[in-house]
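Where a number appears in this text, it was derived from the coordinates with a stated rule and is not lab data. Remember, predicted model here, so these are calculated numbers, not experimental data. Reconstructed Cβ throughout: ideal geometry from the backbone, glycine too, with neighbour counts over all protein chains shown.
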Amino acid sequence: MSRRMTGAQMVIQALKDQGVDTVFGYPGGAVLPIYDEIFQQNDIRHILVRHEQGATHAAEGYARSTGKPGVVLVTSGPGATNAVTGLTDALMDSIPIIVLTGQVPTFMIGNDAFQEADTVGITRPCTKHNWLVKDTDRLAQTIHEAFHVATNGRPGPVLVDIPKDVQFAKGTYIPPQKTSKGHYQPKVKGDLDKITELVEQMEKAQRPIFYTGGGVINSGRSASQTLRELVKGTGFPITSTLMGLGAYPASGDKWIGMLGMHGTYEANMAMHGCDLMICVGARFDDRITGLVDAFSPGSYKAHIDIDPSSINKVIHVDLPIIGDVGNVLNDMVKVWKSRGSKTNSAAVKKWWGQIEKWQAVDCLNYKNSDKVIKPQHALQRLEALTKDHPDRYICTEVGQHQMWAAQYLGFEDPHRWMTSGGLGTMGYGLPASVGVQVAHPDALVINVAGEASWLMNMQEMGTAVQYRLPIKQFILNNERLGMVRQWQQLLHGERYAHSWSEALPDFVKLAEAFGGKGILVKDPADLDDAIKEMLEYDGPVIVDCVVEKHENCFPMIPSGKAHNQMLLGEASTEGAIDSEGAVMV
Amino acid sequence: MNALKISKGTSRKSAYNLRSTLGDTVETHTIAVLVDNEAGVLARVIGLFSGRGYNIESLTVAEVDHVENLSRITIVTTGTPAVIEQIKAQLARIVPVHDVHDLTVEGPSVERELALIKVIGTGEKRVEALRTSGVFRANVVDSTLSSFVFELTGTPEKIDAFVELMRPLGLADVARTGVAAIARGQ
């Protein structure tokens, strides 16, 4: 059913044919024809954000919580440049989003026209791929290809730049079924010989560990199920990166907590001491490895990843398996079962004995107070009061609160945890929570925030109020840029350069000014009531939870140190980071 | 180190046949990249090298298949084995890239570069320049009473040698194409 239509109509038709129900966007001169078409239909819901960066993070939140790609529509020039942070964030965390940008008409490109920017040039390094469409006849095919590239292989952000004259001109619409998929067909099936080799290693391993990442979640819900089956069958301990939380349930008996810079003592010690490391859909990020030269020195390392460029990028591995995580895990289970479901159970039992000793250190313990709310305590209470909710989603901003959320909240399922891992984008959480709530109108969506991060995209409260999105903004307010302050304390002689806020808004009044509800809580005795009040209110809420100002986030692997050189608390921080480590970020 | 043995695109010898990446000696590799001939594809490749801090010693690009609309980019780069493997994997990740060949490890290959070299001089130097050009089998493609433009094809080392010999004889200008390379045999 190839049809003649305008470029703007094609955009809407292509989105419908791709199953898109929601677009996050902001209009402007160069996308007016597309907005005109949006006005004349009811199949696709447009969410008007307050800033284009908000649109990209909302689309990320939508994508992460649904497993479907998020779609963004913004104008040329500043519309496109404002989307750059979100594109980079999605690239770092492998989140499929499709950003459609308007562009000045083709005959004006290169003339420094009003609101012109070299969008494909600017976004080339921060997208998986991008296109400038100069011919309406190519538009539909390009949009279909964009969806294909964004969602296949390692997912990521793509951008289609559409000049205004291409939106007005008529062309022939090509439906997705008739679109050539091009040659971009990443390998998803893992090599069976390699998988068998890995299973052999699993059968004899004495100190094995699963180290899983965001790839398990990106691979789809069945990948998490297979992972759970494999962990249950083998009895191996499992840890996860920040991005992978929820693939294996936090309540599972093989769960030893998140690993990495602010991971648990037991997870990092187990990574350091293991003899078989099975890395599933993770990428040996510097927040995970600590000092690369001292990373898990005695282990045989297997790495399952869909992206060949992840292999041997940071850590040299013994057994790379290229393929989709879910696919490879399936084959692993099959091969392992077909060989009799064997493990070295006596040795693994002994290994668990060691892990239990590490767990006994109780690394997430902290000194609570009845005078001031400790941020860890606030999150423990939030967890206690919301963990039984049947449909809970958690977003975060970036900083100490993010790490505490990862440590003290439990994630039972994939797609429930939205956080900016790779790029560490302050201002991510509020717009992401908007996107999650749009996708799941009846769910409980909480953004665990710090006051500084939250202010970076606070305009999106307007979006939440406009669309009646009952998002809960749980701000741990320490009046500091907490993580910056912590590093200044540890690394820069307690010289706290510009890491506190002297003119914070009254968050209760701010919430009310936007048309939401504000709750202030300072006394630990009032904390539970404040959380309950937040949960009971049917609308956007800001909780200004005033917490201890100088709390540090522990445990911590100081930069330039190895997994077995963790700092467990205030007492162990003195001189912990040497000058070499101070260079690292 | 285990070879990955996975193939992408049409090449029989995959760029993913990983070699050991443990060495720390810097190697020079010639990599041929087959790409869709579309706007911005060269910028993607160059941006990858500058963005990730890889070296480019030489780079040539031209369309090689008008029907399929494919271009071939030949890159000479240097790095440790780990860096070279990473470069190839990163190149293969670019969506319009069809194939990545590491000609340096895939068996014998032929490398050629073309240079145009202008030499200005008279008398004995002029005669010597012409005589040397004969030794190198360079062609004279332009001549005045006081200058020559030589056209020379060969390996980069051969061109380097010729340019050095021309320096005292009145070397005025050099234009080089960069390396084009292709695997030997079938």
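Quick notes
- Across every pair of non-identical alpha carbons in segment A:445-585, the mean reciprocal distance, once inverted, gives a Kirkwood radius of 16.8 Å.
- Inter-probe distance in nm under a simple model that places probes 7 Å from Cα toward Cβ, at B:L114 and A:Q354: 6.4 nm
- Over segment A:495-554: Rg over Rh, Cα atoms, Kirkwood Rh: 1.05
- Here the sum of -39500 (n - 2.57) over DSSP H runs of 4 or more residues, divided by the residues of the protein assembly as shown, equals -10500 deg cm²/dmol at 222 nm, to the nearest 500.
- Calculated over segment A:328-376: convex hull of Cα atoms, volume per residue (Å³): 122 Å³
- Cut-off 18 Å, label 7 Å out along Cα→Cβ of A:D137, residues of segment B:46-82 by amide N: B:67-69
- With the charge dipole of the protein assembly as shown set up from +1 on Lys and Arg Cβ and -1 on Asp and Glu Cβ about the Cα centre, the Cα lying farthest toward the positive end among the listed residues B:F136, A:T241, A:T106 is that of B:F136.
- Cα pair count fraction exceeding 19 Å, expressed as % - segment A:207-289: 25 percent
- Taking Cα centre as origin and charging only the Cβ of basic (Lys, Arg, +1) and acidic (Asp, Glu, -1) residues, the dipole magnitude of the protein assembly as shown rounds to 1760 debye.
- As a length-normalised measure over Cα pairs under 8 Å and 6 or more apart, the relative contact order of segment A:23-107 settles at 37 percent.
- Positive-end residue of A:Q185, A:A294, A:Q466, charge dipole of the protein assembly as shown with Cβ unit charges: A:Q185
- Rg [Å, one decimal], Dmax [Å, integer] - the protein assembly as shown, C-alpha atoms: 29.1, 101
- Average silhouette area of chain B, convex hull of alpha-carbon atoms, in square nanometres: 12.9 nm²
- Neighbours of A:L382, meaning other residues whose beta-carbon lies under 12 angstrom from its beta-carbon, give a summed charge of +3 when Lys and Arg score +1 and Asp and Glu score -1.
- Rounded to 0.05, the FRET efficiency of the A:E203 and B:S50 pair, given R0 = 45 Å and the Cβ-Cβ distance, is 0.45.
- Legend: residue pairs A:K367/A:K387; A:K254/A:K522; A:K187/A:K350; A:K164/A:K509; A:K189/B:K88; A:K301/A:K472, Cα-Cα distance threshold 32 Å; pairs beyond threshold, A:K254/A:K522; A:K187/A:K350; A:K164/A:K509; A:K301/A:K472.
- Likely footprinting exposure, A:R228, B:R93, B:R52, fewest C-beta neighbours within 10 Å first: B:R52, A:R228, B:R93
- Sequence of A:M566, A:M243, A:M5 once ranked by neighbouring C-beta atoms within 10 Å, starting from the fewest: A:M5, A:M566, A:M243
- The simple Förster model, with R0 at 56 Å and r as the Cβ-Cβ distance, assigns A:D413 and A:D112 a FRET efficiency of 0.65.
- When only Cα pairs below 8 angstrom with a gap of at least 6 residues are kept, chain A shows a relative contact order of 14 percent.
- Put simply, the C-alpha atoms of segment A:152-236 give a gyration tensor, and the ellipsoid matching it has half-axes of 44, 15, 11 Å, longest first.
- Sorted on the mean count of surrounding Cβ atoms within 10 Å across their residues, most packed first, peptides A:183-192, A:58-67 read A:58-67, A:183-192.
- Residues of segment A:195-220 with amide N under 20 Å of a point placed 7 Å along Cα→Cβ from A:K334: A:195-203, A:216, A:219-220
- Percent of C-alpha pairs per 5 Å bin in segment A:268-372, short distances first: 2, 10, 16, 17, 17, 16, 10, 5, 3, 2, 1, 0.
- The packing ranking, built from the mean of other Cβ atoms within 10 Å per residue, places the peptides A:534-543, A:487-496, A:270-279 in the order A:270-279, A:534-543, A:487-496, highest first.
- Counting every C-alpha pair in segment B:27-102, the share spaced more than 13 angstrom apart comes to 63%.
- 10 Å Cβ neighbours from other chains, averaged over peptide A:191-203: 1
- The residues A:S338, B:S58, when put in order of fewest to most other Cβ atoms within 10 Å, stand as A:S338, B:S58.
- Mean shadow area of segment A:261-330 over all directions, Cα convex hull, nm²: 4.6 nm²
- Rg(Cα) / (2.2 N^0.38 Å) computed for segment B:109-183, rounded to two decimals: 1.08
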